[in-house]
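The structure under discussion appears below in the form of C-alpha cells.
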Amino acid sequence: MPKQAKLYLPAGVNSSLTTFANADGTTAKQIFVAGANDTNLRFAQACSNDTAAVNLQLFVRRAGTNYLLGTVNIPTLSGTNGTAAAKNLLNTTDLPGLCFDAVQHPILPLKAADELWAAPVSTITATKTVTVICTGDDF
C-alpha cells in the first residue's frame, strides 16, 4: 500500500452559531457548512435555558438529501445554570459511528459543501432557546 507523501494542514477555521426557539417548531435548521475543500468538524456544542430536556436530531445534508446521524439529548438548563454542563454533540454515546483524530477526539469529516442540520424532536418551550456552536478545520 502506498504511503501518503504530503502533509495536509488546515487552511482555516470555520465556525457557526445557531439558535432554536419556540417559533421554529420542529423545523430543521442548517447549523454548519463544510468548506470548499472538505472540513473536519471538531466541536459542536449545545446550551439550553429550556426547563425541559430537548432531543436534537442531527443530519448531514448532501445534494439536498438529509441523512440522519442520530439524536442527542440536551439536558435541562445545559450550559446555562452553572450546574449542568453544555452538551457535546460529537459524543460517541449518541453518535457511535464518529471518526477520531490523532489524539482520539471524535470528529465528523464532511465533504466539500456538505451541511450539518439539526431539528428538535419537539417544540422548544415558549421564551426558551437552545444555542448550537460548531467549529471545524477547513482544508
Q) Looking at region 9-103, what strands (runs of 3 or more DSSP E) fall wholly within it and have at least 1 residues that are free of Cβ contacts under 8 Å to residues at least 12 places away in the same chain, exposed (fewer than 14 other Cβ atoms within 10 Å of the Cβ) and over 16 Å from the mean Cα position of the chain (by Cα)? A) 65-74
**Q.** Subset of region 104-117 [assigned to a loop (DSSP other than H, G, I, E, B) and buried (at least 18 other Cβ atoms within 10 Å of the Cβ)]
**A.** D114
Q. Applying the selection to region 90-139, what residues are touching a helix residue (DSSP H, G or I) at 6+ places or on another chain (Cβ under 8 Å) and among the small types (G, A, S)?
A. A126
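Find the residue count for region 102-137, including only residues that are farther than 15 Å from A44 by Cα and not polar (S, T, N, Q). It would help to see each step written out before you state the result.
Pass one, region 102-137, residues farther than 15 Å from A44 by Cα: 102-104, 111-114, 120-129.
Still in the list and also not polar (S, T, N, Q): 102-103, 111-114, 120-121, 124, 126, 128.
Qualifying residue count for the region: 11.
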Q: Look through region 118-139, keep the residues that are assigned to a strand (DSSP E or B) and among the charged types (D, E, K, R), and return whichever of them is modelled with the lowest pLDDT.
A: D138
Q: Identify the residue in region 119-139 that is over 16 Å from N81 (Cα atoms) and aliphatic (A, V, I, L, M) and, among all such residues, is surrounded by the most Cβ atoms within 10 Å (Cβ to Cβ).
A: V132
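The values are calculated or read from the model by the stated rules, or taken from the named source; none is laboratory data. Not measured: the values here are computed from a predicted model. Cβ atoms come from the backbone with ideal geometry, glycine included; neighbour counts cover every protein chain shown.
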